[in-house]
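Structure record follows, encoded as structure tokens.
The values are calculated or read from the model by the stated rules, or taken from the named source; none is laboratory data. This one's a predicted model, so the numbers in the text were calculated from it and none came from an experiment. For neighbour counting, all protein chains shown are included, and Cβ atoms are generated from backbone atoms with ideal geometry for every residue, glycine included.
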Amino acid sequence: MVNKMKKSKRDFVAEGLDYFNHTWFQNELVKTALSDTQFTHRWMTSLRPALEILLKVNITDKEKLLTPEEQMAFDQLAVKFEGLLRDLCGMAGLTTIKVREDQTVNKDVNELLQSPELQTKFKKDDLDFWLYTFTACGYNIRNNVAHAFYYDHNYTVALSNILLVAYVRLAKYNDIVRKAMKISEIQK
């Protein structure tokens with residue numbers, strides 16, 4: 001597909017960004033802060049710079065290492081995936097918090113992905129892919145980035161491609177967001 005796009009002189013970066021701009025990542029979400037004040041947030045606003053950088057990488061050169069700028073974009077997307085998944089799970093009506101020692105905390109990406117209730121809202125192939133990408137049963141990308149276990153030689157184009165595919169798979173769940181927004185409008 002990429003080779004066909006190159007031959008036809010199509011702009012892979014522009015088309016990739018356009019794809020994400022037409023997903024729920026671009027929707028304005030109403031969030032509630034710890035102080036119970038509400039604010040709006042669009043995931044695409046904070047994702048766009050990192051997505052643009054990684055979409056520019058020659059994805060066919062899988063063994064190539066990412067530049068420092070590309071590594072920073074990779075790190076941002078690796079960590080933010082958890083927040084996107086948590087928001088999507090919340091909009092799907094799934095449990096995103098847990099009670100621990102008399103306090104409520106957000107589930108982390110491992111707890112979210114290993115929750116059996118996700119199987120009621122997401123395709124098995126997507127869940128398996130995310131589990132393998134973000135947990136210890138596979139690449140463990142989020143943990144490795146968050147705890148600085150990756151060094152220059154770990155940041156490959158192949159790993160970047162896997163992260164982008166995880167985002168493409170997450171972005172396609174527009175129907176969950178539409179349903180949540182309709183319910184929210186009805187409740188007003």
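General remarks:
- Failed item in (1) touching a strand residue (DSSP E or B) at 6+ places or on another chain (Cβ under 6 Å); (2) modelled with pLDDT of 90 or more, with W43 passing the rest: (1)
- The range 97-132: number of residues that are under 27 Å from K182 (Cα atoms), among the basic types (K, R) and not in a loop (DSSP other than H, G, I, E, B): 2
- If the condition is being among the aliphatic types (A, V, I, L, M) and free of Cβ contacts under 8 Å to residues at least 60 places away in the same chain, then the range 48-65 contributes A50, I53.
- Within the range 85-130, restricting attention to residues that are of a type in the set (A, V, I, L, M) and surrounded by fewer than 18 Cβ atoms within 10 Å (Cβ to Cβ), the residue that is farthest from W43 (Cα to Cα) is V99.
- Test: residue in the range 20-31 that is of a type in the set (V, I, T), out of contact with any Lys or Arg (no Cβ under 6 Å at 6 or more places or on another chain) and farther than 26 Å from K182 by Cα: no
- In the range 75-90, the residues that are within 20 Å of H147 (Cα to Cα) and touching a residue at least 60 places away in the same chain (Cβ under 8 Å) form Cβ pairs under 8 Å with partners that are basic (K, R) and part of a helix (DSSP H, G or I), at six or more places apart or across chains, as follows: A78/R142; V79/R142; F81/R142; E82/R142.
- Taking (1) in a helix (DSSP H, G or I); (2) touching a helix residue (DSSP H, G or I) at 6+ places or on another chain (Cβ under 8 Å) in turn, L94 satisfies each apart from (1).
- When residues of the range 33-84 are limited to those that are in a helix (DSSP H, G or I) and aromatic (F, W, Y), the one surrounded by the most Cβ atoms within 10 Å (Cβ to Cβ): F74
- T95 on the phi < 0 side of the Ramachandran plot, at pLDDT below 95 and more than 12 Å from the chain's Cα centre (by Cα): yes
- If you check V177, V105 for being without any contact (Cβ under 8 Å) to a residue 12 or more places away in the chain, in contact with a strand residue (DSSP E or B) (Cβ under 9 Å, 6 or more places away or on another chain) and either of a type outside the set (G, A, S) or within 26 Å of H22 (Cα to Cα) (or both), only one passes: V105.
- One residue stands out among those in the range 138-176 that are assigned to a helix (DSSP H, G or I) and hydroxyl-bearing (S, T, Y): the one that is surrounded by the most Cβ atoms within 10 Å (Cβ to Cβ), which is S160.
- The residue of the range 1-32 that is modelled with the lowest pLDDT, among those that are surrounded by 18 or more Cβ atoms within 10 Å (Cβ to Cβ) and part of a helix (DSSP H, G or I), is G16.
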